[in-house]
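J.: First the structure, then my questions, so here it is.
What follows draws every value from the coordinates through simple rules; no lab data is involved. As the structure is a computational prediction, the values presented were derived from the model and not from experiment. We place every Cβ from the backbone using ideal geometry, glycine too, and count neighbours over all the protein chains shown.
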Amino acid sequence: MNENVVILGAGLAGLGCARALPGARIFEAESEPGGMARSHTHDGKTYFDRGCHICHSKDPAWLDLLRVNDSSVAATSRSRVVNYWHGHWITYPVQNHLLELSPENRIRALADFVSAQIVHRGRIPANYLEWCRFHYGEYLTRNFYEEYTRKYWRTPMEELATDWLSGRLLPSQIEKVIAGAIAEQPEDQPAFASFYYPSSGGYFSLFAPLYEDIRVVCGARAEELDPKKKKVTFSNGRQEDYEYIASSVPLPELVQMIKEAPADVRRAADALKHLRLLCVDMVIARDNLTPNHWFYIYDNDVEASRISFPGNLAPGSVPAGHTALQAEIFRRTDEAVAPAELAEQTMHRLARLLKYKPDDVVALHVREVPMTYVISDYARAPAVKAVHDWLRGLDILPMGMYGEWKFLWSDAAFRSGERVAQSIAGGKA
C-alpha cells in the first residue's frame with residue numbers, strides 16, 4: 001500500500017506525508033529525522049534547537065496529536081519577550097509600548113505613527129518598507145524595523161515583498177499604540193502570547209513519538225532524479241523506483257538533481273534565496289540571568305538578532321545554578337562566515353547586556369545551519385510558480401517550507417505534507 005511513493009525528506013512535512021501514506025518509502029539526507037525541528041545537545045543534559053522554536057498553534061487537532069496536555073510538556077500561559085535597543089529594554093512589540101522610550105523619542109514615534117494613519121490610509125504597500133511606514137510611521141520604521149531587517153534578513157526592506165508577514169508581524173492597532181504611549185500596558189499580543197514546549201529534550205521531543213511507527217532511512221541523500229525512468233539515485237548508489245515523489249528537498253537542490261531541467265526552470269530555481277544560521281549555544285554558571293523567554297537585539301554592534309533561553313522555555317531542563325542561552329546570527333549565502341570568531345565575540349557582547357562575566361561561561365559551542373528561512377523578495381513568487389508547474393508535470397510534488405519555498409510554522413509544514421499525501425491518494429497529483 002503506497003509503496004509506489006518515495007518521500008524525500010523526513011522533517012515535519014515528510015512526517016505528515018508518511019503518516020497519511022502508510023507503506024510509502026521515506027528517505028532523509030541527515031543522520032536523524034526532524035529537519036528544522038531537530039534539537040541537539042553538547043553534553044547530554046542541556047538541549048538547544050535550530051533557532052528558537054515553540055508550539056503556539058491554536059489548532060485543537062494539532063495540539064491533541066502532540067499531546068500537549070501530558071506531563072512531559074510545559075505550558076506557558078504568558079510569554080515574556082522584550083527588545084534590546086541602544087542600552088534600553090523595551091517590551092515587545094515596541095509600537096505597543098512607546099511609554100518605555102524617552103519622552104522625546106516617544107513623541108516623535110507617536111506623531112509619525114498618527115501621521116502615517118492619515119497620510120497612508122487605504123494605500124496598498126508595494127514592499128516591506130512601505131508596509132512598515134504605512135503601519136508604524138517613519139520613526140519606528142527607521143529606528144527599529146530597518147535596523148532589525150539589516151541584521152536578520154540581510155536584505156534591503158524595499159526588496160522584500162509583503163506575502164510573508166501574516167502571523168509574523170503585527171499590523172498597527174491604533175488604540176493599543178496610543179494607550180501604550182500614555183500608560184504602561186500588559187502585553188497580550190496574539191501571535192505567541194501562550195505556548196507549549198517539552199519539559200526536556202528540546203523542541204524535537206514534541207514530535208519524536210510521531211516518528212516511532214515510521215521507518216525512515218537516514219543518511220540517504222538523493223543525488224539524481226530521472227523522471228522518465230521514474231528512478232531516484234542516492235549518494236551511496238542506492239536506487240529506488242517510484243510513481244510519485246513527495247519532496248521537501250529545497251527547490252534549488254531538487255532542480256539540480258534533474259539533468260533535463262530546462263534552462264528557464266534552472267534560472268527560476270537559481271533566483272530563490274535563503275538565509276543560513278549560526279546558533280551560538282552557551283551554558284553560563286549563573287542562575288536566573290533573565291526571566292525572559294527570548295529577546296531581540298536591534299543594535300548593529302551585536303551580531304546576534306535573537307537570544308532564547310531553553311531553561312525558561314522548559315523550567316528545570318538546565319542544571320541548577322546555570323543558565324543556557326542560544327544566540328542566533330543570520331547570514332546570506334554570499335557572505336563570509338567565521339563561526340568561532342563570531343561565537344567568541346557574541347559571548348563577550350552578551351556579557352555586557354546580561355551582566356555575567358566571560359569566565360562564567362562553562363560551555364560555548366557554535367552550530368551552523370546551512371539553510372534556514374527563505375527570503376521573500378519579489379523574485380520568489382514567480383520563480384516558485386515556474387518550478388512548481390514544471391515539477392508537478394513530472395509527478396514530483398513539493399511540500400514543506402523548502403518545497404513550497406515560503407515560511408511555515410510547524411503545524412503548517414506538517415499539514416503541507418498531509419495535503420500532498422491526499423493529492424496522491426486521491427489521484428489528483
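J.: Between Ala179, Ala111, Ala336, where does the largest GNM mean-square fluctuation fall for the chain, given springs only between Cα atoms within less than 10 Å?
T.: Ala336
J.: Tell me what the chain gives for mean residue ellipticity at 222 nm when only DSSP H runs of n ≥ 4 count, each as -39,500 (n - 2.57), the sum divided by the residue total, rounded to 500 deg cm²/dmol. Intermediate results must be reported in sequence, preceding the final value.
T.: On the way: 13 runs with 127 residues, N = 429.
Helix contribution divided over all residues of the chain: -8500 deg cm²/dmol.
J.: Which of these, Asp70, Asp43, Asp112, has the largest mean-square fluctuation under a Gaussian network model of the chain (Cα springs below 10 Å)?
T.: Asp43
J.: Also, quick follow-up: Find the relative contact order for the range 281-429 and round it to a whole percent, using C-alpha pairs within less than 8 Å whose residues are 6+ positions apart. List each step's numbers first, then the result.
T.: On the way: 161 pairs, mean separation 31.8, N = 149.
The normalised contact order for the range 281-429 reaches 21 percent.
J.: Restricting things to Cα coordinates, could you compute the convex hull volume per residue of the chain in Å³? Don't jump to the answer; show the numbers that get you there.
T.: Working: hull volume 65.1 nm³, N = 429.
Convex hull volume per residue, Cα atoms: 152 Å³.
J.: Please list, ordered by chain and number, the residues whose modelled amide H lies under 5 Å from the amide H of Cys218; skip anything fewer than 5 residues away on the same chain.
T.: Glu28
J.: Taking just the alpha carbons, could you work out the radius of gyration and Dmax for the range 195-255, both in angstroms?
T.: Cα-based Rg and Dmax for the range 195-255 come out at 15.9, 48 Å.
J.: Moving on to the next point. Rounded to whole Å, give me the distance from the Cα center of the range 70-88 to that of the range 191-260.
T.: Rounded to whole Å, the Cα centres lie 31 Å apart.
J.: Using only alpha carbon pairs under 8 Å that are at least six residues apart, calculate the relative contact order of the range 1-139 and give it in whole percent.
T.: 12 percent.
J.: D for the range 93-182, whole µm²/s, Stokes-Einstein with Kirkwood Rh over alpha-carbon pairs at 20 °C and 1.002 mPa s: what number? Don't jump to the answer; show the numbers that get you there.
T.: Details: Rh = 13.3 Å.
Calculated translational D: 162 µm²/s.
J.: How high is the relative contact order of the chain, in percent, counting Cα pairs under 8 Å that sit 6 or more residues apart?
T.: Values: 822 pairs, mean separation 105.7, N = 429.
Contact order relative to length: 25 percent.
J.: Going Cα to Cα from Lys406, which aspartates and glutamates come in below 12 Å? Please leave out same-chain ones fewer than 8 positions away.
T.: Partners within reach: Asp163, Asp377.
J.: Follow-up question, since we're still on this one. List, in the order given, every pair from Lys228/Lys385; Lys151/Lys231; Lys58/Lys355; Lys230/Lys385 whose Cα-Cα distance in the structure shown is over 31 Å.
T.: Numbers: Lys228/Lys385 22 Å; Lys151/Lys231 42 Å; Lys58/Lys355 36 Å; Lys230/Lys385 23 Å.
Distance filter (> 31 Å) returns Lys151/Lys231; Lys58/Lys355.
J.: With +1 on each Lys and Arg Cβ and -1 on each Asp and Glu Cβ, and nothing else charged, work out how big the dipole of the chain is about its Cα centre, in Debye to the nearest 20. Don't jump to the answer; show the numbers that get you there.
T.: Working: 48 positive and 54 negative charges, 88 e Å.
Once rounded to the nearest 20, the dipole reads 420 debye.
J.: Hey, in the GNM for the chain with a 10 angstrom Cα cutoff, which one of Asn96, Asn312, Asn288 fluctuates hardest?
T.: Greatest mean-square fluctuation among the candidates belongs to Asn288.
J.: Along the range 324-334, what does the Karplus equation 6.51 cos²θ - 1.76 cosθ + 1.60 (θ = phi - 60°) give for ³J(HN,Hα), rounded to whole Hz, x for Gly and Pro?
T.: For the range 324-334, the Karplus-derived couplings read 9, 9, 10, 9, 9, 10, 9, 9, 6, 6, 9 Hz, x marking Gly and Pro.
J.: At what distance in angstrom do the alpha carbon centres of the range 338-361 and the range 3-52 lie from each other?
T.: 32 Å
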